[in-house]
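> This is the structure, below, for whatever I ask next.
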Amino acid sequence: MLDCAIIGGGPAGLTAGLYTTRGGLKNVTLFEMGMPGGQITQSSEIENYPGFFEHHKTGMDFMDTWQEQCFHFGLKHEMKKVERVAKTGEHFTITLEGGENVEAKTAIVCTGSTPKRAGFKGEDEFFGRGVSTCATCDGFFYKDKPVAVLGGGDTALEEAHYLSNICSDVYVIHRRDTFRAAPSTVDRIKRKENIHLITDTVIEEVFGDAMGVSGVKLKNKAGKTEELNIPGLFVFVGHDVNNAVLKDEKGNFICGMNDWGQVIVDLSMRTSVPGLFAAGDMRIEAPKQVVVAAGDGATAALQVISYIQEQV
Ligand SMILES: Cc1cc2nc3c(=O)[nH]c(=O)nc-3n(C[C@H](O)[C@H](O)[C@H](O)COP(=O)(O)OP(=O)(O)OC[C@H]3O[C@@H](n4cnc5c(N)ncnc54)[C@H](O)[C@@H]3O)c2cc1C
């Protein structure tokens, strides 16, 4: 029986592994379906993790030492996809791809979330090279330059507002003429002089060269096309939360979730099920930053240690 099963090997899962093992738990396994590291390994540069300030280091370089550090303290790793986490009596059953079951006293689920793609031409090609899904992560790379934001919901408009404090101009492109965002957010956006709303318009293509993005091709409802020259495009069309492991055989979630499929946790990363914790981008109110995911992983791990001590 494992002391703790950690599902997902991004910053949250790896940090949970470091803190559980270094905190004295002997039998902890991290289940990660790919190479550990998580979504930050797709990033071409990271410069907002405190203590790590090396220009032009990729997310892959950044995560390199995390695994080494975690495994040094005894964390075990299985490169397997988890299908389901279930509570059976006092313990958890972790069902792996292929049907194998592993028993654990506690579980920390850190399977992250995936930003949705809008589907226009060039989006995948330029992802991480001018196309971004995170203003906090990448906005500063476009300081005093114009950028475009795609989307009409709260996230898109709030991120546009954030970018307007850094970038020279922010062009918000939205396919309808009204916004889904809260009216107060829309008003705030309209009051910013350097935010320009382009409505009833879609992005047909993002283009550029080996150096990255140089512009987008737009098409409005009337069929008129135009080009906008910008080096950065931020796409906010939603996130898919990777929460499938928390569904039972009937498709019902085993713990409390909000309407967007994010796991409801308290400040200790406890879910509604005793012994089950969630950390990182998949939890409610997640700022979707590496430093926060790592902090969540540490918090959950410390709670796991206390939980196990209380059981004996
Ligand atoms: C291109 C890009 C650039 C970014 N730039 C920055 C930045 O500059 N600064 C910053 O702070 N943040 C940045 N972020 C955000 C940051 O990467 C995330 O906030 C962070 O990685 C979240 O960590 P996590 O551990 O919660 O989840 P993730 O990193 O998403 O890790 C989840 C892991 O779980 C695994 N998994 C999922 N389902 C299963 C399953 N069923 N079984 C087993 N394993 C599973 C996945 O393979 C993945 O490795 C960026 C993100 C992207 C995509």
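> How far, in nm, would the chain grow between Glu47 and Met1 when pulled straight, counting 0.36 nm per residue and subtracting the alpha carbon separation?
12.6 nm
> Moving to a separate point now. Run the paramagnetic zone check for Lys221: 7 angstrom along Cα to Cβ, then residues of region 145-177 with backbone nitrogen under 14 Å.
Once the point is set 7 Å along Cα→Cβ of Lys221, 174-177 turn out to lie under 14 Å by backbone N, inside region 145-177.
> State the extension gain, in nm to one decimal, for the chain segment bounded by Thr65 and Gln311, taking 0.36 nm per residue of separation less the distance between their alpha-carbons.
Result: 85.2 nm gained on full extension.
> Report the residues of region 1-33 in range of a label on Asp240: point 7 Å along Cα→C-beta, backbone N strictly under 20 Å from it.
In region 1-33, the label zone of Asp240 (backbone N under 20 Å from the point 7 Å along Cα→Cβ) covers 7-11, 32-33.
> Tell me, what is the FRET efficiency for Glu205 and Arg129 to the nearest 0.05, using R0 = 22 angstrom and their Cβ-Cβ distance as r?
For Glu205 and Arg129, the calculated efficiency is 0.90.
> Follow-up. Where nothing but the Cβ of Lys and Arg (+1) and of Asp and Glu (-1) is charged, how large is the charge dipole of the chain around its Cα centre, in debye to the nearest 20?
500 debye
> Let me ask something else about it. Can you tell me the FRET efficiency between Met35 and Thr95 if r is taken as the Cβ-Cβ distance and R0 is 22 Å, rounded to the nearest 0.05?
With a Förster radius of 22 Å, E is 0.50.
> Could I ask something else about it? Which trypsin sites (Lys or Arg not before Pro) in region 245-312 pass both tests, a DSSP loop state and at most 12 other beta-carbon atoms within 10 Å?
Those satisfying the criteria are Lys250.
> Follow-up question, since we're still on this one. Does the chain classify as rounded, prolate or oblate by the C-alpha gyration tensor (a ≥ b ≥ c root eigenvalues; a/c under 1.5 gives rounded; else a/b over b/c gives prolate, otherwise oblate)?
prolate
> Taking the chain as a whole, which cysteines find no other cysteine Cβ under 4.7 angstrom from their Cβ?
Cys with no partner Cβ under 4.7 Å: Cys4, Cys70, Cys110, Cys167, Cys255.
> Explain nothing, just compute: Karplus ³J(HN,Hα) = 6.51 cos²θ - 1.76 cosθ + 1.60, θ = phi - 60°, for every residue of region 187-199 in order, whole Hz, x for Gly and Pro.
Per-residue couplings from phi come out as 4, 4, 5, 5, 7, 7, 5, 8, 9, 10, 8, 10, 9 Hz.
> DSSP loop (so not H, G, I, E, B), at most 15 other Cβ within 10 Å: list which GluC sites (Glu not before Pro) in region 111-180 pass both filters.
Glu125
> Report the label-to-label distance for Asp144 and Lys87 in nanometres (one decimal), using points 7 Å from each Cα along the Cα→Cβ vector.
Computed distance between label sites Asp144 and Lys87 equals 5.5 nm.
> A further question on this structure: Among His174, Leu218, Ser132, which residue has its Cα furthest toward the positive end of the charge dipole of region 131-235, with +1 on Lys/Arg Cβ and -1 on Asp/Glu Cβ?
His174
> Counting other C-beta atoms within 10 Å, and keeping those with at most 10, which DSSP coil GluC sites (Glu not before Pro) do you find in region 31-69?
Glu54
> Which part of region 297-312 falls in the paramagnetic zone of Asn27, meaning amide N under 18 Å from the point 7 Å along Cα-to-beta-carbon?
304-312
> On to the next question. Mind checking the full-extension length gain between Ser272 and Glu54? Use 0.36 nm per residue of separation minus the Cα-Cα distance, one decimal, nm.
Answer, rounded to one decimal: 74.4 nm.
> I would also like to ask the following. Quick one: net charge around Asp209, please, counting Lys, Arg +1 and Asp, Glu -1 for every other residue with C-beta under 13 Å from its C-beta.
That sum, taken over residues with Cβ under 13 Å, equals 0.
> Does region 131-235 classify as rounded, prolate or oblate by the C-alpha gyration tensor (a ≥ b ≥ c root eigenvalues; a/c under 1.5 gives rounded; else a/b over b/c gives prolate, otherwise oblate)?
oblate
> Further question on the same structure: Near the amide H of Ala182, under 5 Å away, which other amide H atoms are found, from residues 5 or more places off or on another chain, if H is placed in the peptide plane?
Close amide H contacts, sequence-distant or interchain: Asp154.
> Taking the Cα centre of region 29-134 as origin, work out the dipole magnitude from +1 charges on Lys and Arg Cβ and -1 charges on Asp and Glu Cβ, in debye rounded to 20.
360 debye
Readers should treat all values here as calculations from the given coordinates under stated rules, not as data from a laboratory. These figures come from a predicted structure and were not determined experimentally. Because the Cβ atoms are built from the backbone with ideal geometry, glycine has one as well, and the counts that use them run over all protein chains shown.
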